[in-house]
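The values are calculated or read from the model by the stated rules, or taken from the named source; none is laboratory data. Predicted, not measured: the structure shown is a model, and the values here were computed from it. FYI the Cβ positions are ideal-geometry reconstructions off the backbone, even for glycines, and counts take in every protein chain you see.
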Amino acid sequence: MPFNLRKRTPLSYYEPDEPKFDEYLYCEECSDFVYDYCAIHGPLLVVPDNKVPAKTGFPAYVPRAALTIPNVFLHIAPSIIPG
Ligand SMILES: [Zn+2]
């Protein structure tokens, strides 16, 4: 029986898991779902909330969202989603 004495590098194969639906991002420029980042438009732009202490001096009727929203280009508006 012939032997092959050539040195071989061991390989291991694995099947990567299919990402779950909520792991996809939606690129509005491409109107398509992408995983991790859009190859054309780059990574997701994450705008963190403003840091606000748990107890503020504002009255209770001032919503916390109004205090934490990054006021660069965002604003609070009524939702168009029913309910
Ligand atoms: Zn894109």
### Task
Please enumerate the residues belonging to the range 34-83 that are on the phi > 0 side of the Ramachandran plot and part of a loop (DSSP other than H, G, I, E, B).
36, 83
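Taking the conditions exactly as written (surrounded by 10 or more Cβ atoms within 10 Å (Cβ to Cβ) and either within 16 Å of the ligand (Cβ to nearest atom) or hydrophobic (A, V, I, L, M, F, W, C) (or both)), does residue 44 satisfy them or not?
Working: surrounded by 10 or more Cβ atoms within 10 Å (Cβ to Cβ): yes; either within 16 Å of the ligand (Cβ to nearest atom) or hydrophobic (A, V, I, L, M, F, W, C) (or both): yes.
Here the answer is yes, as residue 44 does meet what is asked.
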### Message
Quick check on my filter: what residues within the range 48-57 are surrounded by 10 or more Cβ atoms within 10 Å (Cβ to Cβ) and aliphatic (A, V, I, L, M)?
### Response
52
### Task
Check whether at least one residue in the range 4-25 is touching a strand residue (DSSP E or B) at 6+ places or on another chain (Cβ under 9 Å), within 16 Å of the ligand (Cβ to nearest atom) and among the hydrophobic types (A, V, I, L, M, F, W, C), and report yes or no.
yes
### Summary
residue 26 vs (1) exposed (fewer than 10 other Cβ atoms within 10 Å of the Cβ); (2) aromatic (Phe, Trp, Tyr); (3) at pLDDT 90 or above: all pass except (1)
